[in-house]
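Notes follow once the structure below has been shown.
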Amino acid sequence: MVITSLNIVPHGMQIIPGLDPKASPEFSKMHQSMLELIKILRKENPDTIVLFTPHGYRLEQKFCLYYADTLRAYYPILNRSNVDGTQIHSTIEFSSDIVLLDDIWEKFNSLKNPPFKLDRITLGTKNYPIPLGWGASVPLYYCNQPDFHPKIVVVSLPRARLNIIKFYSALKSCGEFFGEIALNTNKKFSIFFSGDLAHTHQDSENFSFHPSSRKYDEAVITWLQNISNNKTFNTIPKVIFDYERKALACGLSTLSIMEGFIHVMHKRKGDGDRYSDLSLKSKILQYLHPTYFGMVLSHISLN
């Protein structure tokens, strides 16, 4: 097994110390929990982190590979919005796994009838760094440690993901495709599914309070807590999609990709399960909603 873990990670910029002096102290709890996750990942020692983000370069129908040697994250002082500012607090650069990116691109183009669309983006040449949006820069902030700096692959989701019901099949197929690649190489991978929960816990500039926010978050957490090696529990329950219509959660799109990963692990081959000895163990490291959106941090180990 070369996937070491599946991780649902938040991307609220306020969890990073120093970016928003007015942020609720509650955000610091998620910061501490992200540090706890990194302790776990150090022990797993992945070669590469593959990160899926709903907040990156957004094509209409195509998923997008960030094809550059270097990925550059800017961390602004949040004086313009909760994701933007006019002053840069700090900058971090990450090394892409170009060998893996080439392998992904070759395998995708060898598919006769791909069940989803994929493209790749560069800024001039692959030698020029690609800037990251908050969906990648926030979780990757914690992957820049002296003793923990794996290579990175970033995949952004298309605008079509906003219609989650219509686009669900493509999201799950994307997860299955990347899962097959990860499970058939010699590298060790940790997978990051960047996404937050309901965005309607409070009235805000872009969202209005809705009571389904609490129900949605609770349903997702219950599902994550019950993920196991039993295939029955690993399909996202319909009630989560029902709540999301009013709860409005960017993270359901990346959870759908994760479902595709898990489905691949349960594929049958011949007379038995391909990964019959697979054991999934899920742990919720943190959940909170200090503002209008909820955040969850969950680590799913594969043994």
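So which helices of the chain fit the span-like rule, where a helix is a whole DSSP H run, its Cα atoms reach 18 Å or more along the axis, and its mean Kyte-Doolittle is at least 1.0?
Values: long enough: 27-44 (26 Å, -0.25); 164-182 (26 Å, 0.70); 212-225 (20 Å, -0.65); 251-265 (22 Å, 1.17).
Correct list, ordered by number: 251-265.
What are the semi-axes of the equivalent ellipsoid for the stretch 44-186, taken as the square roots of 5 times the Cα gyration tensor eigenvalues, largest first, in whole Å?
Details: eigenvalues 130, 76, 38 Å².
Equivalent ellipsoid semi-axes, largest first: 26, 19, 14 Å.
Which entries in the list LYS29/LYS62; LYS117/LYS188; LYS107/LYS281; LYS117/LYS246 go over 32 Å, if you measure between the two C-alpha atoms of each?
Check vs 32 Å cut-off fails for LYS29/LYS62.
Which whole-Hz ³J(HN,Hα) couplings does the stretch 76-83 yield from phi under the Karplus relation 6.51 cos²θ - 1.76 cosθ + 1.60, θ = phi - 60°, glycine and proline marked x?
Calculated HN-Hα couplings, in order: x, 6, 7, 9, 10, 7, 7, 9 Hz.
Please list 3J(HN,Hα) in residue order for the stretch 59-75, calculated via the Karplus relation 6.51 cos²θ - 1.76 cosθ + 1.60 where θ = phi - 60°; whole Hz, with x for glycine and proline.
With the stated coefficients, the stretch 59-75 comes to 7, 6, 10, 9, 5, 10, 8, 8, 9, 7, 5, 10, 10, 10, 10, 9, 10 Hz.
Under 5 Å between amide hydrogens, which residues at least 5 positions from ASP119 or on another chain qualify, with H placed 1.01 Å from N in the peptide plane?
The answer is PHE63, CYS64, LEU65.
Of the listed values [x] 120; [y] 130; [z] 187, identify the label whose number matches volume of the Cα convex hull per residue in Å³ calculated from this model.
[y]
For the chain, what does the relative contact order come out to in percent, with C-alpha contacts under 8 Å and a separation of six or more?
Value for the chain: 28 percent.
Place a +1 charge on the Cβ of each Lys and Arg in the chain and a -1 charge on the Cβ of each Asp and Glu, then give the dipole magnitude about the Cα centre in debye, rounded to the nearest 20. It would help to have the intermediate numbers written out before the result.
Values: 33 positive and 28 negative charges, 108 e Å.
My answer is approximately 520 debye.
Ordered by residue, what ³J(HN,Hα) values in Hz, to whole numbers, does the stretch 284-301 give under the Karplus form 6.51 cos²θ - 1.76 cosθ + 1.60, where θ = phi - 60° and Gly and Pro are x?
7, 8, 6, 9, 6, 9, x, 9, 6, 10, x, 9, 10, 10, 9, 10, 10, 8
For SER228 paired with SER204, estimate the spin-label separation in nm (one decimal), with each label point 7 Å from Cα along the Cα-to-Cβ line.
Going from the SER228 label point to the SER204 one covers 3.5 nm.
Hey, if you put +1 on the Cβ of every Lys and Arg and -1 on every Asp and Glu Cβ in the stretch 3-302, which of GLY12, HIS201, ALA182 ends up farthest toward the positive end of that dipole?
ALA182
How much mean residue ellipticity at 222 nm does the chain get from its helices, if each DSSP H run of length 4 or more adds -39500 (n - 2.57) and you divide by all residues, to the nearest 500 deg cm²/dmol? Walk me through the numbers on the way to the answer.
Values: 7 runs with 95 residues, N = 303.
So the helix-based figure for the chain works out to -10000 deg cm²/dmol.
Computed from the coordinates by the stated procedures, all read-outs in this text should not be read as laboratory data. Computed from a predicted structure; not experimentally measured. Positions of Cβ are backbone-derived with ideal geometry, glycine not excepted, and every protein chain shown enters the neighbour counts.
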